[in-house]
1. For a quick check: sort L117, L148, L111 by the number of other beta carbons within 10 angstrom, fewest at the front.
2. For the chain, take the longest principal axis of its alpha carbons; what is the angle in degrees between that and the long axis of helix 90-100, to the nearest 10 within 0 to 90?
3. Mind checking the full-extension length gain between F114 and K21? Use 0.36 nm per residue of separation minus the Cα-Cα distance, one decimal, nm.
4. For the stretch 147-221, what does the alpha-carbon gyration tensor say about shape, rounded, prolate or oblate, given a ≥ b ≥ c as the root eigenvalues, a/c under 1.5 as rounded, and a/b over b/c as prolate?
5. Dipole of the stretch 2-243, Cα-centred, from +1 at each Lys and Arg C-beta and -1 at each Asp and Glu C-beta, to the nearest 20 debye?
6. From the helices alone, meaning DSSP H stretches of at least four residues, give me the mean residue ellipticity at 222 nm for the chain, per-run term -39500 (n - 2.57), in deg cm²/dmol to the nearest 500.
7. Using Cα extents along the principal axes in Å as the read-out, say which of (1) 54, 41, 31; (2) 49, 46, 36; (3) 47, 46, 42 was calculated from these coordinates.
8. Please build a GNM for the chain, connecting alpha carbons under 10 Å apart, and tell me which residue among I31, I101, I153 fluctuates the most.
Amino acid sequence: MKWQNLLNQMKKEILITKNLKKTYFKKAGKIEVLKGIDFLAYEGEILAITGASGAGKSTFLHIIGTLEAQTEGEILFKFDTEINPSKLSRDALSEFRNRHIGFVFQFHYLLPEFNVLENVIIPELITSEFGKKKINKHELEERAFEILKGLGIHQRIHHYPGELSGGEQQRVAVARALFKNPSIVLADEPTGNLDSKSAQELFELFLKINEESKTTFIVVTHNEALAQKCTRRFRMIDGLLININ
């Protein structure tokens, strides 16, 4: 344990939560989902969060991904500078999220009317349009192709989501998440709709990306066997995250 603490001190902290709470107020009364989570992630880790359905895993992921606001507590990101999302304006928060955080969900959320290459670059096209920034679409396509090639799906760039298998669609979703070279990737049950072989392949892909690029991954999963491959494991129990390594 002393050696582990020493190793942790040598790593760069990338995400900190302090007494993070989330309460929903319903007609039937209040529902306390997160009850004071203190959490720390380091640069280059791949972390797994397991737990029963409805335990609050996805809620936690959405909050640290700045998609949803906490009721109490604090979130700090330490990238180029220390960032507290709650201090940012709506536009600044969107820009921060777009630059630093990648998302992979259980459902791929690919746009069926666009092909693989277009699905990867379209978030950047939309961002540039709103920001009135000039972009070189050809350069974006070249970069997307290289990412898709690294994920082993570059031969399908002109296919549409409906023409891909579930595993292939999820690889496209991963490419989209990685396109802006985010500091952290949040994956919510990314293998939930995949068969065991595709799930194993996707997780090995996460491990490969993590090792090569040092991108931090936080993965919510019900798959204990896959979770055991991660740097550290946590379990969501009664609104709290318990380190189970």
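1. L111, L117, L148
2. 70
3. Gain on extension, F114 to K21, equals 29.6 nm.
4. oblate
5. Roughly 680 debye for the stretch 2-243.
6. -11500 deg cm²/dmol
7. This structure yields the entry labelled (3).
8. Result: I31 has the largest fluctuation of those listed.
Bear in mind that the values in this text are calculations on the coordinates, not laboratory data. A quick note: this is a predicted structure, and the numbers were derived from the prediction, not measured. So basically every Cβ, Gly included, is an ideal-geometry build from the backbone, and we count neighbours across all protein chains shown.
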